[in-house]
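The values are calculated or read from the model by the stated rules, or taken from the named source; none is laboratory data. Just so it is clear, the model here is predicted, and its values are computed rather than measured. We place every Cβ from the backbone using ideal geometry, glycine too, and count neighbours over all the protein chains shown. Ligands, DNA and RNA are stripped out before the accessible areas are found, and what is left, the full protein with its side chains, is counted by its heavy atoms. Shrake-Rupley method; radii C 1.70, N 1.55, O 1.52, S 1.80 Å.
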Amino acid sequence: MTDMAIQAAPQGASASATGPVARFLKATELDTRMLGMLGALVVIWIGFHLLSGGLFLTPRNLWNLSVQSASIAVMSTGMVLVIVTRNIDLSVGSLLGFIGMIVGVTQAQYLPELLGFGHPMIWVLALVVGIVVGAIVGGLQGYIIAFLGVPAFIVTLGGLLVWRGAAWWVTSGRTVAPMDPTFRLIGGGPEGAIGATWSWILGIILCLAIIAMLVSGRKQRRKFNFPLRPLWAEGFLGFVGCGLVLGAVAIANSYPWPRGIVRRYAEANNIAIPDGGLFIAHGIAIPVLVAIGVGIVMTFIATRTRFGRYVFAIGGNQEAAELAGINTRWVIMKIFILMGILTAIASAISTARLNAATNAQGTLDELLVIAAAVIGGTSLGGGVGTIAGAMIGAVLMQSLATGMILLGVDTPLQNIVVGLVLVVAVWLDTIYRKRVA
């Protein structure tokens, strides 16, 4: 009895030590996997900041990091749905390059001949053409996978080769440039941002939206007699959410335009430059806004629509989904159509940022997109995944690339690190699923 009492004491002490943490997580309903990923992201940022001599956590680098992450984040939202249904899409990088070349040729060669140079509809029509091409290619691959029964790995691996070759074939290897001036705004840059004032306005709107979501969610829970979060937990979530939004806006507004661009802007608008210089903030970049908008829409699709419920049902058990009356083939085909559309949007961001369509565009992006989805908590076993997690995973992957560039790491070693991170992420996912089971 004495021995049992001695052994029980440490266990009780341990339980009491972890009790507050467990109660906090239960009250706030925070996803522990998401918290772990955010913790890893913070560690990576601090590590690179120290190793780079204070160059990483600067407004300039963080602003550029957000812009560089946008195209991968957009595609990762679609890859979540693909992987949730136990499929894979290895063709997104090549498809991005192919669509970019189509969009570039359309707006640089064909449309100017029809509408005239500088026509305001050129970039709109070129973007529509890109989205249509993405939907058609995605639908073609989805049809072969869903209705002809060819494994997604084989179909999209073939697509990886086909669309990369097709991108070269469109212009026989030539780079297409420059892009339409309005179209270039989609890629960011000093003019491809909304400025300080509109950034603060958008930040306040997002904070109000966060508070409204918390209030609406609490009303819905009370209406259907679901358990309510404590008021302090609701307040904590609102405070943290608004703090992150306003902090991001403050960082974006801390990054000024380059001096040369400021000087030309002042001369063009007859603005006198003071002795200390003229500070014009970038604000939030347009590609970041596009990525956030896509994330919100995809989250709504995945969690609030019948299509989203079908996707996760198929990933959980496809045979049971079919017996329940779900047209699984058509749902899978629609997922790949959606993936093609998202790839077209990402291609527009990438092409606009480069101000050119090149044959190398999108090379190895499929690795980054899949890694972002998996690191973000999407299980390769199917049935589990979040849009927000995938987008954070995209930022994490781009953080690794940016940090290694600041440290002067060679490209081959960068690819090695990314590959190892993907393997470790899948390994951790395997361990997590075993523990849950």
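The table below lists the values:
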read-out	value
Out of ARG306, ARG222, ARG259, ARG264, sole residue that is closer than 30 Å to LEU25 by Cβ and of a type outside the set (A, V, I, L, M, F, W, C)	ARG222
Pair list, Cβ < 9 Å and 6+ apart or interchain, from the range 98-109 residues that are surrounded by fewer than 24 Cβ atoms within 10 Å (Cβ to Cβ) to residues that are of a type in the set (Asp, Glu) and outside any helix (DSSP H, G or I)	ALA108/ASP180
Members of the range 178-196 that are open to solvent by 60 Å² or more (accessible area, probe 1.4 Å) and touching a Gly at 6+ places or on another chain (Cβ under 8 Å)	ARG184
Neighbours by Cβ (under 7 Å, 6+ apart or cross-chain): first from the range 298-313, without any contact (Cβ under 8 Å) to a residue 40 or more places away in the chain and of a type in the set (A, V, I, L, M); second buried (at least 17 other Cβ atoms within 10 Å of the Cβ) and outside any helix (DSSP H, G or I)	ALA313/ILE326
So GLU322, is it of a type in the set (Asp, Glu) and without any contact (Cβ under 8 Å) to a residue 24 or more places away in the chain	yes
Contacts under 6 angstrom Cβ, first residue in the range 276-295 being in contact (Cβ under 8 Å) with a residue 24 or more places away in the chain and in a helix (DSSP H, G or I), partner open to solvent by 40 Å² or more (accessible area, probe 1.4 Å) and hydrophobic (A, V, I, L, M, F, W, C), 6 or more apart	ILE286/LEU185
For ALA126: the one exception among (1) within 25 Å of the chain's Cα centre (by Cα); (2) surrounded by fewer than 16 Cβ atoms within 10 Å (Cβ to Cβ); (3) of a type outside the set (Ser, Thr, Tyr)	(2)
Unmet criterion (only one of (1) surrounded by 16 or more Cβ atoms within 10 Å (Cβ to Cβ); (2) touching a residue at least 24 places away in the same chain (Cβ under 8 Å); (3) not aliphatic (A, V, I, L, M)) for HIS49	(2)
ILE335 part of a helix (DSSP H, G or I) and either open to solvent by 40 Å² or more (accessible area, probe 1.4 Å) or among the aromatic types (Phe, Trp, Tyr) (or both)	no
Conditions (1) within 19 Å of LEU96 (Cβ to Cβ); (2) in contact (Cβ under 8 Å) with a residue 40 or more places away in the chain: number failed by ALA146	(1)
Residue that is nearest to the chain's Cα centre (by Cα), among those in the range 108-123 that are closer than 18 Å to ARG184 by Cβ and of a type in the set (Phe, Trp, Tyr)	TRP123
Residue list for the range 259-282, filter: open to solvent by 60 Å² or more (accessible area, probe 1.4 Å) and either of a type in the set (S, T, N, Q) or within 32 Å of the chain's Cα centre (by Cα) (or both)	ARG259, ASN269, ASN270, PHE279
Residue in the range 137-149 that is open to solvent by 40 Å² or more (accessible area, probe 1.4 Å), among the hydroxyl-bearing types (Ser, Thr, Tyr) and modelled with pLDDT of 95 or more present	yes
